[in-house]
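Here is the structure we will look at, set down as structure tokens.
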Amino acid sequence: MYIRALNLLLVGALFLFLLAPVLMVFPISFSGDNFISWPPSSWGLRWYRALLQQPQLTAALFNSLTLAAIVTALSLVIGLMVAFLIVRYPFRGRDAVMSMLTLPLVLPSIVLGLGMLMLFSQRGWTGSWTGLLIAHMTVTLPYTIRILTTSLMTLPAGIEAAASSLGASPMRVLVHVTVPLIASGVTAAGALSFLISFDEVVISLFVVGPRLSTFPVELFRMVEERSDPLPAAISVVLVLATIVVVLLLERLVGLRRAISHG
């Protein structure tokens with residue numbers, strides 16, 4: 001009994017240690033001061049009202065949401081094709097190909113960003129949608145391929161063969177049999193791709209331009225240039241939005257089950 005209580009105490013202390021930086025942002029966001037200080041000398045919603053007066057930040061948010069949606073869709077389509085090829089059509093050197101596809105997960109982000117900057121600057125892709133799409137998909141595709149490959153490996157090939165023997169075309173089998181049976185893995189891969197793309201800042205810093213930027217990059221620049229609690233208010237909104245999205249996914253599709261199966 002005492003050991004269990006001690007374990008719970010240690011786990012609680014660990015959670016508090018990990019969440020302390022996030023929890024501190026909440027009271028700071030309600031500060032009425034002109035600069036970050038603790039404790040604040042006054043309280044209010046001043047910096048939440050200031051969020052509505054940031055057109056550049058709003059444009060960057062729209063860019064990030066659009067970019068993350070496109071990256072997620074492309075990553076799922078390409079990832080499913082690659083995973084299907086690897087799992088259903090074994091070939092020599094399959095493990096080496098899989099290692100190459102997941103190599104960006106091992107390389108430091110700053111190395112990837114610098115390499116993309118050198119490559120994109122020669123082709124005029126810096127500060128363009130093309131450059132951002134390729135840069136983000138370089139990071140999201142390995143995760144998508146890994147999750148979808150694992151999901152397909154847990155799906156018996158005999159089910160697809162049975163559907164084919166009943167006259168279903170390969171595309172019909174894919175759409176009506178394979179994808180519904182691995183829906184949890186597709187959901188996990190899509191959610192992870194969207195979050196990674198929306199949150200990507202290191203690589204984006206190398207490929208954004210003055211006319212096209214993303215929300216994390218603008219927030220990073222704001223933290224560098226400002227000392228007021230506005231970034232804290234933005235962070236609180238992001239945290240609450242993330243919690244709402246996670247709860248909705250859990251309610252609609254069972255996010256824990258999707259991630260555990262993926």
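The values are calculated or read from the model by the stated rules, or taken from the named source; none is laboratory data. What you see is a predicted model, and the numbers here were worked out from it, not measured in a lab. A quick note on method: Cβ atoms are made from the backbone with ideal geometry, for glycine too, and the neighbour counts reach across all protein chains shown.
Is it the case that region 127-137 has a residue that's in contact with a Phe, Trp or Tyr (Cβ under 6 Å, 6 or more places away or on another chain), at pLDDT below 85 and of a type outside the set (A, V, I, L, M, F, W, C)? Outline the logic, then answer.
At the first step, the residues of region 127-137 found to be in contact with a Phe, Trp or Tyr (Cβ under 6 Å, 6 or more places away or on another chain) are 131.
With at pLDDT below 85 added as a condition, the list becomes none.
No, that holds for no residue.
For region 50-61, indicate whether the set of residues that are within 19 Å of the chain's Cα centre (by Cα) and in a helix (DSSP H, G or I) is non-empty.
Among the residues of region 50-61, at least one is within 19 Å of the chain's Cα centre (by Cα) and in a helix (DSSP H, G or I), which makes the answer yes.
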Query raised in the report: Has region 64-76 got any residue that is closer than 17 Å to PRO229 by Cα and either β-branched (Val, Ile, Thr) or loosely packed, with under 14 Cβ neighbours inside 10 Å (or both)?
Result: no
**Report entry** region 217-231, subset buried (at least 21 other Cβ atoms within 10 Å of the Cβ) and in contact with a Phe, Trp or Tyr (Cβ under 8 Å, 6 or more places away or on another chain), residue farthest from LEU132 (Cα to Cα)
**Finding:** PRO229
Query raised in the report: Applying the selection to region 206-233, what residues are over 15 Å from SER64 (Cα atoms), in contact (Cβ under 8 Å) with a residue 24 or more places away in the chain and part of a helix (DSSP H, G or I)?
Result: PHE206, MET222, LEU230, ALA232, ALA233
Query raised in the report: All but one of (1) surrounded by fewer than 15 Cβ atoms within 10 Å (Cβ to Cβ); (2) within 21 Å of VAL236 (Cβ to Cβ); (3) free of Cβ contacts under 8 Å to residues at least 40 places away in the same chain hold for PRO27; which doesn't?
Result: (1)
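Let's see how each residue does on (1) more than 23 Å from PRO108 (Cβ to Cβ); (2) touching a Phe, Trp or Tyr at 6+ places or on another chain (Cβ under 9 Å); (3) surrounded by fewer than 22 Cβ atoms within 10 Å (Cβ to Cβ):
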position: ALA168; (1), (2), (3): yes, no, yes
position: VAL179; (1), (2), (3): yes, no, yes
position: SER197; (1), (2), (3): no, no, no
position: LEU205; (1), (2), (3): no, yes, yes
position: VAL208; (1), (2), (3): no, no, no
Query raised in the report: Which of the residues that make up region 1-38 are under 19 Å from ARG226 (Cα atoms) and either in contact with a strand residue (DSSP E or B) (Cβ under 9 Å, 6 or more places away or on another chain) or not in a helix (DSSP H, G or I) (or both)?
Result: PRO27, PHE30, SER31, GLY32, ASP33, ASN34, PHE35, ILE36, SER37, TRP38
Query raised in the report: Is it fair to say ALA69 is farther than 16 Å from VAL139 by Cα and either in contact with a Cys (Cβ under 9 Å, 6 or more places away or on another chain) or part of a helix (DSSP H, G or I) (or both)?
Result: no
Report summary line: Scanning region 151-205 for residues that are under 23 Å from ALA73 (Cα atoms), acidic (Asp, Glu) and part of a helix (DSSP H, G or I) gives ASP199
Query raised in the report: TRP47 fails exactly one of the following numbered conditions: (1) of a type outside the set (D, E, K, R); (2) assigned to a helix (DSSP H, G or I); (3) farther than 21 Å from VAL239 by Cβ. What is the number of that condition?
Result: (3)
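Rundown of residues vs (1) among the small types (Gly, Ala, Ser); (2) surrounded by 18 or more Cβ atoms within 10 Å (Cβ to Cβ); (3) within 30 Å of LEU212 (Cβ to Cβ), yes/no style:
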position: ARG92; (1), (2), (3): no, no, no
position: ASP95; (1), (2), (3): no, no, no
position: VAL111; (1), (2), (3): no, no, yes
position: ALA135; (1), (2), (3): yes, yes, yes
position: LEU152; (1), (2), (3): no, yes, no
position: LEU155; (1), (2), (3): no, no, no
position: ILE159; (1), (2), (3): no, no, no
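Assess whether ALA241 counts as being without any contact (Cβ under 8 Å) to a residue 40 or more places away in the chain and not basic (Lys, Arg). Reasoning before the result, please.
Numbers: without any contact (Cβ under 8 Å) to a residue 40 or more places away in the chain: yes; not basic (Lys, Arg): yes.
Yes, satisfied.
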